[in-house]
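Engineer: Once you've had a glance at the structure underneath, I'll fire off some questions.
The values are calculated or read from the model by the stated rules, or taken from the named source; none is laboratory data. Fair warning: this is a prediction, and the values are worked out from it, not measured in the lab. No Cβ is skipped: glycine too gets one built from the backbone with ideal geometry, and neighbour counts run over all protein chains shown.
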Amino acid sequence: MTGLRRPLTNPLVQFVVASLFLFGLTWWATGIFSQRAARAEALADARVTTELLAHSIAEPAMPRRLVAGDPGAIDRFDRAVHDRLMTGDVRRIKIWRDDGTVVYSDETELIGKRFALDAEQLSVLRSGATESSLSDLRRRENEFETEDDGLLEVYTKIESPEGQSLLFEAYFSVDTVKQRSAEVLTPFRRITALSLLALLLVGVPLLGVLTLRLTRASRARERLMQRAVQSSEAERRRIARDLHDGVVQELAGTAFALSGTAREPGLSDGLREELLGSSRALRRSLRQLRSLLVEIHPPGLDASGLGAALEDLTAPAAAAGVTTAVSVTGVEGAPDHVVALVWRVAQEATRNTLRHAHASHLTVDVRGDERQVRLTVQDDGIGFDDADPARPGSYGLRGLQSLVEDGGGRVRVDSAPGRGTTVRMVVERP
Amino acid sequence: MIARTVLAVTAVTALTLPGGLVAPAYASHGGANDVRAGGTCSGSAHWKLKAKPDDGRIEVEGEIDSNVAGQRWRWTFKHDGSVSARGSKRTAGRSGSFSVERRMANLSGPDHFVFRATHGKQTCRGTISF
C-alpha cells in the first residue's frame, strides 16, 4: 500500500498519469463526437444528393404514363436516368405512388409491386420535406438488399408530368457513414495524439527540473526546521540550566537565609513572622519556578527517559482524579529532537484533556519502529465538534500542528461531542 | 438480378403483311440465355430479333437485311404493347442492313417485344418473348 502510494505522490508520475488519463478521455470523446458529427454530415450529404437526384435528374426525365406502369415509359425512363441515378454511394432507387405501388426502381422486379407506405413516407408525400432513416431490411420491399451493415434511406417528393405526387427514395450504404466518421476522426485523433505527445515531451523534462528544485528546497527547509527545533531545544535547555544554576540557587539560598534569620533569638514576633512569611513565599515561587523549568525542558529528556518524562507529565492528571496509563515501546535510539516532539505533543494534548475534557481516563501510548515513532493520546472526556473553530483549546491544537509540521511529522485530532478526543502523531525517524 | 432465367422458351414470330398474310418465321435459343427469332418481310428483306439478359435488364436487338444499301427505314420497339423506342436508320454495307439495340426493363412475368420496321410499302414485324 505504502509502496504504491509513494510513486503516486511524485508530481512527475502524477503528471504522466493525468496526461495518460486525459489522453484516453480525449481519445474516447473524440470518437463519440466525431462519429456524431460524421453521421450528421453523412446524413446531410445523403439528403442533398437525394434532392439533387430527384429534382435534377429523375423529375425532368420522367415520361408521361410512367405512373400508370406503362412498360415503354419505364424502358425510356430507365435508359435515360439509370446510370445517372446509380452514382457514388447510391445503392437503390425507388419511386412510389401514394398507394404504395413502385412505379420505378433500378431493381426492375420491384416495378408494379405494391407495399404499404409507412407514416413517415406518407408524411413526406404530404409535406414535401426530405426525411431520412435507417432501412428495415426485414420489410418485403427490401428483399433484394444484401448489405450486411444496413442501408440509410432518404425520401423526398417529386411530381410526375401528369401532376401526381410521387415519393422518390434513395438508399445509401451505411458504410458511407463509417467512412465519413473515419475521415473526420483520423486526422483529429492524429492531431490530439501528437499534441499530447508534444505536451508530454516538453512537460516531463520541465516538470522533472521543477520537481527536483522543489525537492531540494523542501529538503533544505526540512533541515532548517530541524535545526530550528534543535536550536529551540538547545535554547530551552540553556535557559533551564541558567535558571537552575543561577536564579533558583540564589532563591533557594535566600529562602534558607531568611528561615535561619527568623530563628535568631531577640527578634520581635512581628518581624519573625514577616521573615518566615517571606521565606514561605520564596519557597512557593521556587516550586513554581522548578515546575516551569520542567515544562521548558524536563531533565533527562531523551529516548531512555521518555517513559519517565511522560509519567511525570501525567502525574497532575492522576492528582486531579483522572486515571492514567502510559506506555512507551520501540523508541530506543530515537534522536532527541524526535523525543522532544513526542513529549511536546503529549504535553499539549494532556494539558487540553485536563483543562477542557472532564475526562475520567487518559492514555498515552508511544510506539516506535526503525522508520517512525507514533504517539496516541486518548481521553474519554466530553469531546468537541471538529468543525467549531472557537472550541476550547483550538489555538493550542493549531500550535501543536504547526509544531509537529515544523518537526517533520503529521498530527491528526479526532473528536466528537460526548465521544472523547484522540490525538495521533507520526514523526519519521531520520 | 443480373442473369434472369428465361421464362419463355419459345419465341413466336410472325410476318404480318398489309393484307393480313402471314409468312413463316423461326425461333431458337442462341447462347445460354439468348432468345432469337427471324423471318422474311413483306418484300425481299429479312429481319432478325435477339433478346438476352444484360445486368438486370434485357438487351433487345433488331436487324433488317434488305440487300440494298442507302434505304431509310423507320423502326419501332414495343414492350408489352407499349412503344419503348422508335427511330429511323439507313441500311449500309454490301448486305444493305442495319441493326438497332435497346436495353429494356426486365419486368416481372414474361416480357413481350415487337420490332417493326417499314420502308415504303415494305414492312417487317417480329415478336419475341423473354
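Engineer: Of everything in segment A:183-213 that's within 26 Å of the chain's Cα centre (by Cα) and loosely packed, with under 12 Cβ neighbours inside 10 Å, which residue is nearest to A:ILE32 (Cα to Cα)?
Structural biologist: Checked segment A:183-213; the qualifying residue nearest to A:ILE32 (Cα to Cα) is A:ALA198.
Engineer: Within segment B:66-85, is there a residue that is at the interface with chain A (Cβ under 8 Å from one of its Cβ atoms), in a loop (DSSP other than H, G, I, E, B) and under 24 Å from A:ASP70 (Cβ atoms)?
Structural biologist: Taking every residue of segment B:66-85 in turn, at least one turns out to be at the interface with chain A (Cβ under 8 Å from one of its Cβ atoms), in a loop (DSSP other than H, G, I, E, B) and under 24 Å from A:ASP70 (Cβ atoms).
Engineer: Also, quick follow-up: Pull up segment A:82-99, narrow it to residues that are under 60 Å from the mean Cα position of the chain (by Cα) and more than 16 Å from A:LEU52 (Cβ to Cβ), then point me to the one that is nearest to the other protein chains (Cβ to nearest Cβ).
Structural biologist: Among them, the one singled out is A:ARG92.
Engineer: Can you pull out the residues in segment A:236-280 that are over 60 Å from the mean Cα position of the chain (by Cα), of a type in the set (Asp, Glu) and part of a helix (DSSP H, G or I)?
Structural biologist: Hits for segment A:236-280 are A:GLU250, A:ASP269, A:GLU273, A:GLU274.
Engineer: If you take the residues of segment A:111-136 that are out of contact with any helix residue (DSSP H, G or I) (no Cβ under 7 Å at 6 or more places or on another chain) and within 14 Å of another protein chain (Cβ to nearest Cβ), which of them is surrounded by the most Cβ atoms within 10 Å (Cβ to Cβ)?
Structural biologist: Checked segment A:111-136; the qualifying residue surrounded by the most Cβ atoms within 10 Å (Cβ to Cβ) is A:GLY112.
Engineer: Now, a different point. Take segment A:303-351 and flag every residue that is in contact with a strand residue (DSSP E or B) (Cβ under 6 Å, 6 or more places away or on another chain), more than 21 Å from A:ARG236 (Cβ to Cβ) and in a loop (DSSP other than H, G, I, E, B).
Structural biologist: A:VAL322, A:GLY330
Engineer: Let me spell it out: the conditions are (1) in contact (Cβ under 8 Å) with a residue 12 or more places away in the chain; (2) within 14 Å of chain B (Cβ to nearest Cβ); (3) surrounded by fewer than 20 Cβ atoms within 10 Å (Cβ to Cβ), and A:ARG79 meets all of them except one. Which number is the exception?
Structural biologist: Of (1) in contact (Cβ under 8 Å) with a residue 12 or more places away in the chain; (2) within 14 Å of chain B (Cβ to nearest Cβ); (3) surrounded by fewer than 20 Cβ atoms within 10 Å (Cβ to Cβ), only one is false for A:ARG79: (1).
Engineer: Moving on. Inspect segment A:281-302 for any residue being in a helix (DSSP H, G or I), modelled with pLDDT of 85 or more and of a type in the set (Lys, Arg) and give the result as yes or no.
Structural biologist: Scanning segment A:281-302 turns up at least one residue that is in a helix (DSSP H, G or I), modelled with pLDDT of 85 or more and of a type in the set (Lys, Arg).
Yes/no per residue for (1) more than 20 Å from A:PRO205 (Cα to Cα); (2) more than 14 Å from chain B (Cβ to nearest Cβ); (3) in contact with a Lys or Arg (Cβ under 9 Å, 6 or more places away or on another chain); (4) not in a helix (DSSP H, G or I):
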| site | (1), (2), (3), (4) |
| --- | --- |
| A:TRP28 | yes, yes, no, no |
| A:GLY31 | yes, yes, yes, no |
| A:THR49 | yes, yes, no, no |
| A:HIS55 | yes, yes, no, no |
| A:VAL67 | yes, no, yes, yes |
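Engineer: Here is a follow-up. Quick test of your reading of the structure: B:ALA117 fulfils all but one of (1) in a loop (DSSP other than H, G, I, E, B); (2) crowded, with 16+ Cβ neighbours inside 10 Å; (3) more than 11 Å from every other protein chain (Cβ to nearest Cβ). Name the failing condition by number.
Structural biologist: (1)
Engineer: With B:LEU49, B:LEU107 as the choices, which residue is within 12 Å of chain A (Cβ to nearest Cβ) and crowded, with 18+ Cβ neighbours inside 10 Å? Walk me through how you get there before you give the answer.
Structural biologist: On the way: B:LEU49 fails: within 12 Å of chain A (Cβ to nearest Cβ).
Being within 12 Å of chain A (Cβ to nearest Cβ) and crowded, with 18+ Cβ neighbours inside 10 Å holds for just one of B:LEU49, B:LEU107, which is B:LEU107.
Engineer: A further question follows. Scanning segment B:53-64 for residues that are within 12 Å of the chain's Cα centre (by Cα) and surrounded by fewer than 21 Cβ atoms within 10 Å (Cβ to Cβ), which turns out nearest to the other protein chains (Cβ to nearest Cβ)? Reasoning before the result, please.
Structural biologist: Within segment B:53-64, the subset within 12 Å of the chain's Cα centre (by Cα) is B:59-64.
Within this subset, residues satisfying the condition of being surrounded by fewer than 21 Cβ atoms within 10 Å (Cβ to Cβ) are B:59, B:61, B:63.
Details: B:GLU59: 11, B:GLU61: 14, B:GLU63: 19 Å.
Checking each candidate, the answer is B:GLU59.
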